[in-house]
Amino acid sequence: MSALAFDLLPALEASEPPEARGLERDEVRLMVTRRSQDALVHTRFRALPDYLAPGDLVVINNSGTLPAAVPALRNDGSSIEVRFSTRAPGSELARDRFVIELRAASGVSPLADGAVEEELQLPGGATVELLAPYAGRGRLWLAGVEGIQDVQRYLNDHGHPIRYGYVRRPWPLSTYQTAYATVPGSAEMPSAGRPFTAELLTRLIAMGVLIAPVTLHAGVSSPEAHEPPYPEEFTVPPSTARLVNHVRAAGQHVIAVGTTVVRALESAAAADGTVKPRRSWTNLVISKSHPVQVVDGLLTGWHEPRASHLQMLEEIGGERLVKRSYEAALTAGYLWHEFGDSHLILP
């Protein structure tokens, strides 16, 4: 676990998107830290091109967010919320099996009182049967789904975006999409990329910065739990693998947009550090025992106290610099969560 611990005050939890605060997406705050210089700069996200060089590669996660939360009824008639996290890892025989999370009807609190063989009634005549606790967590279940032919279409018809208690009111699904989301599949937005706009991406491309996609479908995070990630499906396409290897061979930097991108690229890395095209599942945790081989820098949000992703930040930026950056973010009032501010860690 990370040695970094702090208290996150409610005032630092972004309760609405920046657009509701009169800002463009790319006007959120950005802290830039450099491991080589032990430096720390406060700026805005739209200044990102000032900190990258022609020939650098920015790797994005093009997974789109699903309206993954659905109302449900229990056998006793009480209302709850079911959150479709990921399809179950494994063979094609598991196409009708999903990892789900049980929440209170309000969506605020996770529920840990599910029971094997409990059946939940969903809108449109669909049902979910709880088959087994998943990954040793009381709130997550491997579930069998009946009456749903196409989960994505079903969620589009009956679901709504996952929302946590710090977000005070619902926002439309478009609020939870990045500018480059092209492959629907994430239960929660890969939020590190939310501040990008089409104009900012164009500026980066025009100055010679390379951009390439991976896909990692993010499941439910439930920040209250501070748990390591469980298996999530990812794809590193051949074109991206070639670009990563070319950029590294040329001595330029590979910058990951979000921890999901780090996990995908590092899960596709061979023993010699080259990246191979790969489609698989990963529950990789970057830590001292599994350091990064491929990624030089990381563009990310601000992570929860005791979150497993803090280990990744410390491996990329160094424990001392990450500690300084979090102390500075807390002092300066940076905002946390999917609608919050950003952090760029450079070598």
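The values are calculated or read from the model by the stated rules, or taken from the named source; none is laboratory data. Predicted model, so just to flag it, every value in this text is computed and none were measured. Quick reminder, even Gly has a Cβ in these numbers, built from the backbone with ideal geometry, and neighbours come from all protein chains shown.
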Would you check which residues across segment 184-217 are of a type in the set (A, V, I, L, M), buried (at least 16 other Cβ atoms within 10 Å of the Cβ) and over 17 Å from Ile255 (Cα atoms) and list them? Ala187, Met189
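One line per residue, one yes/no per condition, for (1) over 14 Å from Val151 (Cβ atoms); (2) among the basic types (Lys, Arg); (3) assigned to a strand (DSSP E or B):
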| site | (1), (2), (3) |
| --- | --- |
| Gly55 | yes, no, no |
| Pro67 | no, no, no |
| Pro71 | yes, no, yes |
| Thr86 | no, no, yes |
| Leu102 | yes, no, yes |
| Ala112 | yes, no, no |
| Val116 | yes, no, no |
Checked segment 286-309 for anything under 17 Å from the mean Cα position of the chain (by Cα), surrounded by fewer than 21 Cβ atoms within 10 Å (Cβ to Cβ) and under 25 Å from Arg34 (Cβ atoms); matches are Glu304, Pro305, Ser308
Number of the condition not met by Leu30 [criteria: (1) hydrophobic (A, V, I, L, M, F, W, C); (2) surrounded by fewer than 19 Cβ atoms within 10 Å (Cβ to Cβ); (3) within 30 Å of Ile345 (Cα to Cα)]: (2)
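Those residues that are among the aliphatic types (A, V, I, L, M), at pLDDT below 95 and touching a strand residue (DSSP E or B) at 6+ places or on another chain (Cβ under 9 Å), I need them from segment 108-125; list them, please.
Across segment 108-125, the qualifying residues are Leu111, Ala112, Ala115, Val116.
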Filter pass, Ala218 being under 21 Å from Ser63 (Cβ atoms) and without any contact (Cβ under 8 Å) to a residue 40 or more places away in the chain: no
With the structure loaded, tell me whether Val292 is closer than 28 Å to Arg29 by Cα and part of a loop (DSSP other than H, G, I, E, B) or whether it fails that test. yes
Please state which one of Glu304, Glu315 is in a helix (DSSP H, G or I) and modelled with pLDDT under 95. Glu315
Only one of these conditions is not met by Asp56: (1) crowded, with 17+ Cβ neighbours inside 10 Å; (2) within 25 Å of Ser191 (Cβ to Cβ); (3) not assigned by TED's automatic domain parsing to the domain that holds His246. Which number is it? (3)
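When you look at Thr331, is it farther than 28 Å from Gly55 by Cα, at pLDDT 95 or above, out of contact with any strand residue (DSSP E or B) (no Cβ under 6 Å at 6 or more places or on another chain) and among the hydroxyl-bearing types (Ser, Thr, Tyr), yes or no? Break it down stepwise before answering.
Numbers: farther than 28 Å from Gly55 by Cα: yes; at pLDDT 95 or above: yes; out of contact with any strand residue (DSSP E or B) (no Cβ under 6 Å at 6 or more places or on another chain): yes; among the hydroxyl-bearing types (Ser, Thr, Tyr): yes.
Yes, satisfied.
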Per the list (1) out of contact with any Phe, Trp or Tyr (no Cβ under 7 Å at 6 or more places or on another chain); (2) modelled with pLDDT of 95 or more, residue check on Asp341 breaks on (1)
Kindly check whether there is at least one residue in segment 2-23 that is over 21 Å from the mean Cα position of the chain (by Cα), within 17 Å of Arg194 (Cβ to Cβ) and not small (Gly, Ala, Ser). yes
(1) crowded, with 20+ Cβ neighbours inside 10 Å; (2) closer than 25 Å to Glu118 by Cα; (3) modelled with pLDDT of 95 or more all hold for Leu73 apart from (1)
Just wondering, is there one or more residues in segment 156-179 that are closer than 17 Å to Ile100 by Cα, hydroxyl-bearing (Ser, Thr, Tyr) and either within 14 Å of the chain's Cα centre (by Cα) or in the same structural domain as Ala88 (by TED's automatic domain parsing) (or both)? no
Output for segment 326-346, where each listed residue is crowded, with 21+ Cβ neighbours inside 10 Å and assigned to a helix (DSSP H, G or I): Tyr326, Ala329
Has segment 315-334 got at least one residue that is closer than 21 Å to Ile162 by Cβ and touching a helix residue (DSSP H, G or I) at 6+ places or on another chain (Cβ under 8 Å)? no
